[in-house]
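Chemist: The structure follows.
The values are calculated or read from the model by the stated rules, or taken from the named source; none is laboratory data. All figures in this text were calculated on a predicted structure; none of them were measured in a lab. Heads up, the Cβs are rebuilt from the backbone with ideal geometry, glycines too, and the neighbour counts pull from every protein chain shown.
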Amino acid sequence: MGQTVMKGNARKVRRLGGGDILAGFAGATADAFTLFERLEQKLERFPNQLQRAAVELAKEWRTERQLQKLEAMLIVADKETTLVITGAGDVLEPEYPVVAVGSGGNYALSAARALIDYEKDAETLGRKAMEIAADICVYTNSHFTVEVLDV
């Protein structure tokens, strides 16, 4: 809250869609959980179509009055696709094979992009990038939740 860490060990990564999709968030926790629930509904409606479900969620988020006030950003990924979903109606597919959101997101993203040619293991790459972000950003801590999709 503001400049105070209220819960440094918050779990900001979840499995959705029967465990085949990873979803993470930055922003307000309650807002993100609301969006996770909505995304789950879209995934039930459009099974195995992450991109379609994400676009439908983004449209709803942008047009429904209640959802417009939600303050969060989501990263969702399955084995083939990684997307960032925003309240502005954006569904972004990253230009590079790494993505990050949140207060330390730019630090983690920069570190990951710098390391990607030297570190092929995604979990190790993610951990190293987050460690660098945590060292730089006062709002990023070193309590990490790691989820891995089986390829």
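Chemist: Using beta carbons and a limit of 7 Å, which pairs, at least six apart or on different chains, have the first residue in region 46-62 and under 16 Å from Met73 (Cβ atoms) and touching a residue at least 24 places away in the same chain (Cβ under 8 Å) and the second one exposed (fewer than 15 other Cβ atoms within 10 Å of the Cβ) and of a type in the set (A, V, I, L, M, F, W, C)?
Modeler: Pairs found: Arg62/Ala88.
Chemist: Write out, first by first residue and then by second, each pair whose Cβ atoms fall under 6 Å of each other, whose residues are 6+ apart or on separate chains, and whose first residue, in region 1-30, is closer than 17 Å to Ser142 by Cβ while the second is aliphatic (A, V, I, L, M) and at pLDDT 80 or above.
Modeler: As it stands, the answer is Gly24/Val13; Gly24/Ile75; Ala26/Met73; Ala26/Val101, since those pairs meet every condition given.
Chemist: Let me ask another. Which numbered condition trips up Ala32, out of (1) of a type in the set (A, V, I, L, M); (2) at pLDDT below 90; (3) not in a helix (DSSP H, G or I)?
Modeler: Checking Ala32 against (1) of a type in the set (A, V, I, L, M); (2) at pLDDT below 90; (3) not in a helix (DSSP H, G or I), the one that fails is (3).
Chemist: Which condition breaks for Thr82 when tested against (1) polar (S, T, N, Q); (2) under 25 Å from Arg62 (Cα atoms); (3) modelled with pLDDT under 95?
Modeler: (3)
Chemist: Does Arg14 satisfy being outside any loop (DSSP other than H, G, I, E, B) and at pLDDT below 95?
Modeler: yes
Chemist: Something else about it: Tell me which helices (runs of 4 or more DSSP H) are completely within region 40-151 and hold 2 or more residues being more than 16 Å from the chain's Cα centre (by Cα) and not assigned by TED's automatic domain parsing to the domain that holds Gly27, or say none if there are none.
Modeler: 105-115, 122-136
Chemist: Restricting to region 85-99, and then to whatever is out of contact with any Phe, Trp or Tyr (no Cβ under 6 Å at 6 or more places or on another chain) and under 20 Å from Trp61 (Cα atoms), can you tell me which residue is surrounded by the fewest Cβ atoms within 10 Å (Cβ to Cβ)?
Modeler: Top of the filtered list is Ala88.
Chemist: Are any residues in region 11-33 surrounded by fewer than 18 Cβ atoms within 10 Å (Cβ to Cβ) and more than 14 Å from the chain's Cα centre (by Cα), and if so, which ones?
Modeler: Correct list: Gly18, Gly19, Asp20, Ala30.
Chemist: Which numbered condition trips up Gly87, out of (1) farther than 25 Å from Asp150 by Cα; (2) at pLDDT 90 or above?
Modeler: (2)
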